[in-house]
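Structure first, then comments.
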Amino acid sequence: MQQFNYKSIISSALLLLVLASSCKKDFENPNAATEEQTFANDKAATGVAVGIQRVYSTSAAGTLYAVVNANGFVTNELVLRNAGNIPELQLSTGGAAVDATNTVLLNVWSRSSKIIFDANNVIRYAQGLADKNYASGLISFVSIYKALSIGNMSMFWQKIPDTTGQNVNFIDRIDGFKKAVTVLNYAIDVYNANPPGSSVLNRLPSEVNIINTLYALKARYSLFAGDNAGALAAANLVDITKKSTFNYTAQALNPVFESATSTNNVFQPVDSTLGLPPSLAPNPADKRIPFYIGINPTTAPRYRINGFYASGTTPVPIYLPGEMILIKAEAYARVNQLTEALSELNKVITKNPAADPYGVGADLPALAGSYTQAQLLTEIYRQRSIELFMSGLRLEDMRRLGRPETERKRNFFPYPFQERDNNVNTPPDPTF
């Protein structure tokens, strides 16, 4: 990450962010500072907020790496490089081989639960501040990670905990997406009522565009929840010329690069098809293929990770401009506004890499003619699979856009044993 004025407070943040080895939902640590001590002042609370981002975005145990990993294997984006990596071997095999011992899935579950817990503490602290502009910055920033955590769990599991704590009840995954939208709506209202000032923004990572990210995630999870009007409205509020990223340094490396790209020991992309079936295979002239896929003509594997995981300091977008355009295309298609849907779809298909803030562009001829709703939704799936490669979203796209189960290795994941052992309300595991 870039350097910010939070180094002196990061140690206090980490006191709240160390995962309990038992993965219990109370997250208490008798050797750690109490909540009152850790939130003794604004600076310390901001340190916890920054620490939440680090838990989400850095290291192989972080949420970002685990989501890319788990999603990539079961949707055929990735191939295994070392069968000795047992969690990845399970995911690569799929089906019943994926069980409740899988530590990649545990990382998604436990980190998400911990982020929600810590974000709630930051929000409660901020709500009591007299400085509403400072409070707005804290609430809106941590709400990004709270919503991402709820959303990631809802993408991977059929039901998710309604809150944190012991023996909590579970809610349906669609209600999980709606819950994430509720979190985002509150944060947006707080942000717009009292925009964060420099006193808090100077202590938060400047590469995160808070308000654009809140709208982008609202668009994403509204679409996943089936609220097409809400998704369209939110996507229209995102300034797609602006970036919002996780940044990395030599001391805090891009986690996919650190664990997979640099070692060639865990996974690599399957090939230039990006794991799509022949009927949906990318056009060889699509300029997004060389963006995402590197080629080594002499040393195996031939196909290598590129794009947002090409180096240790490559920033990772929290959302892509193309995702917002494709959300609008799908929202229009769902309500049979097919002309508008095709128009948005063609914005992605014809986009030149130079016109995209991240350099992601197909630069292909526009689709012409008339298309049915089903045909447009299939093409939207194809374009999302290419535009958002290795983003962790394809499994959700496969289910929502009606792809056959034969194209994936799991539909939903089993609940980690640590959850089942500590929560009597844990639902039965899915069969596939």
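Descriptive notes on the structure:
- Largest to smallest principal axis extent of the C-alpha atoms in the range 197-295, angstrom: 46, 41, 24
- Ranked by the mean number of other Cβ atoms within 10 Å of their residues, highest first, the peptides 65-73, 388-396, 165-173 come out as 65-73, 388-396, 165-173.
- Counting 0.36 nm for each residue step from L80 to E405 and taking away their Cα separation leaves a gain of 114.9 nm.
- Listed residues G151, A250, V200: farthest to the positive end of the dipole of the range 150-306 (Cβ charges): A250
- Legend: P(r) of the range 264-316 from all alpha carbon pair distances, 10 Å bins from 0, whole percents, reading 24, 52, 23, 1.
- Cα-based radius of gyration of the range 114-160 once divided by 2.2 N^0.38 Å, which approximates compact folds: 1.30
- Converting phi to 3J(HN,Hα) with the Karplus coefficients 6.51, -1.76 and 1.60 and the offset θ = phi - 60°, the range 299-307 yields 10, 5, x, 5, 9, 10, 5, 9, x Hz in sequence order, with x at every glycine or proline.
- Scaled radius of gyration (Cα, divided by 2.2 N^0.38 Å) that the chain gives: 0.94
- Crossing angle, helix 210-224 versus the chain [Cα axis fit, 0-90 degrees, rounded to tens]: 60
- Gain upon complete extension [A374, A96; 0.36 nm per residue less C-alpha separation]: 96.9 nm
- Relative to one another, the C-alpha centroids of the range 105-121 and the range 201-238 are positioned 20 Å apart.
- Note on the chain: with charges restricted to the Cβ of Lys and Arg (+1) and Asp and Glu (-1), its dipole about the Cα centre is near 320 debye.
- The range 311-432: C-alpha pair distances exceeding 18 Å, %: 61
- Over 24 Å between alpha carbons, listed pairs K242/K347; K179/K243; K287/K347: K179/K243
- For V208, the residues whose modelled amide H falls within less than 5 Å of its own, excluding neighbours fewer than 5 places apart on the same chain, are T245.
- Relative packing of peptides 359-372, 255-268 - highest average C-beta neighbours within 10 Å first: 255-268, 359-372
Read the figures in this text as sums done on the coordinates, not as results from a lab. Please read all numbers here as calculations on a predicted model, not as lab measurements. Cβ sites come from the backbone with ideal geometry, for glycine too, and all protein chains shown count toward neighbours.
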